[in-house]
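J.: Sharing a structure, written as structure tokens. Questions coming.
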Amino acid sequence: MEASLVHGSSSPQGVMRPKQNSGLRFVSLLAAAMSVLLIGAGALVTTTGSGDAIPDWPLSYQRLIPPYLAGGVLYEWSHRVIAGLTGLTVLILTVLVWWWRAPFSWRFLTTLALIGILIQAVLGGLRVLFVSDEQIQSRLSLVLPVHDPESGRIVLAIGHAVLAQLVLSLVFSTAVLIWGRPEPIPSSILRPLLVLSFTLMILMVVQLLLGALIRHLKAGLIIPDFPTTFGRWIPPIFSLPYEPTNPERMTYSEFAFKVFVHLAHRFNAILVLAVAIGLVLFTRRHLPSRHTFRLFSKSLSHTLLLQIILGGFVIWTGLNLLITILHTVIGALALGLSAAAVTLLLTSRQSVNALRLGVRGVV
């Protein structure tokens, strides 16, 4: 049983045929690439404000291909096409792992990813219809914890964005399992590795939620400088430079909330990078130089560092379209890598034994 949970297959032979495994590797890599591309397409739509360019869903102006393909319509329609292709790829991957009786962990993760991408598509469609269809708006307003249409739109949009990143994490985790078996990890360091990796992944989830809030609240430039805050190294939390005649006509409470979200995003980024560096230092001390998990943690820390640098350039360039999209994509990639790192640990033989002992101790 242990072998099937960790590395084996539910097939009688316990292993997959080389042709089947190579096919799964290709499809899993394609699904991971499509998931990243979908995040980029979503960032393009959000950054350009093209989410309402097509008022209906799942069709586009009552057609599969809208009669006018330019500007926001082109961005939104391309986003829908990429989403459809991503869903199709994940569906194919799910069918293959079940058809070929792959290990249970592969089937579980791909099934979760497929369910997630279906829910994500529905949320994206509801976000569109919430703005354009008054009947749907009135019905959803009874369910959503909001008091006005704009807040409802933001809630649906953030849910859609966050779920997209979680689906990407599931796909990345599946790809890691399919592409190879993790190397042995000493039992003495497994627990601290799990704590560090889980902490990093949770902080990354919080970071993507804050990032989604910033994008949909249009708070990317609410603090116009970086790394300082309104010209200060210590944020002036109790004396924000509010201007009542600001062009956006927001109240002080709205302004303060956007500043708080933006500051939380910056502070959490520091925590994420600190935990990632701690993970790198710990693996450098306890694992061989060519160990898979050590190389994995090092790549993850470099990705997070690049993400923070891109965050600075987003502000310095005044929300440049390409840099903003790259910032979102690299952030999603970092989350996917952190989820994959946790997967590597949880599927190691030592981890399974530790979980078994823990269950026996409780019982």
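The values are calculated or read from the model by the stated rules, or taken from the named source; none is laboratory data. No experiment lies behind these values; they were computed from the predicted model shown. Please note: Cβ atoms are built from the backbone with ideal geometry, for glycine as well, and neighbour counts cover all protein chains shown.
J.: Residue by residue through the stretch 41-78, note down the ones that are surrounded by fewer than 18 Cβ atoms within 10 Å (Cβ to Cβ) and touching a residue at least 40 places away in the same chain (Cβ under 8 Å).
T.: Pass one, the stretch 41-78, residues surrounded by fewer than 18 Cβ atoms within 10 Å (Cβ to Cβ): 48-49, 52, 55-56, 58-59, 61-65, 67-74, 78.
Hits for the stretch 41-78 are T48, D52, P55, D56, P58.
J.: Also, quick follow-up: For the stretch 222-262, give me each residue that is modelled with pLDDT under 90 and within 24 Å of the chain's Cα centre (by Cα).
T.: Correct list: empty.
J.: Which of the following residues is under 30 Å from N21 (Cβ atoms) and surrounded by fewer than 19 Cβ atoms within 10 Å (Cβ to Cβ): L240, L221, L194, L170? Steps first, please.
T.: Working: L240 fails: under 30 Å from N21 (Cβ atoms); L221 fails: under 30 Å from N21 (Cβ atoms); L170 fails: surrounded by fewer than 19 Cβ atoms within 10 Å (Cβ to Cβ).
The conditions single out L194.
J.: Checking T283 against (1) in contact with a helix residue (DSSP H, G or I) (Cβ under 8 Å, 6 or more places away or on another chain); (2) closer than 25 Å to T317 by Cα, only one condition comes out false. Which one?
T.: With (1) in contact with a helix residue (DSSP H, G or I) (Cβ under 8 Å, 6 or more places away or on another chain); (2) closer than 25 Å to T317 by Cα applied to T283, the lone miss is (2).
J.: Out of W233, W179, which single residue is closer than 30 Å to S22 by Cβ and among the hydrophobic types (A, V, I, L, M, F, W, C)?
T.: Residue meeting the stated conditions: W179.
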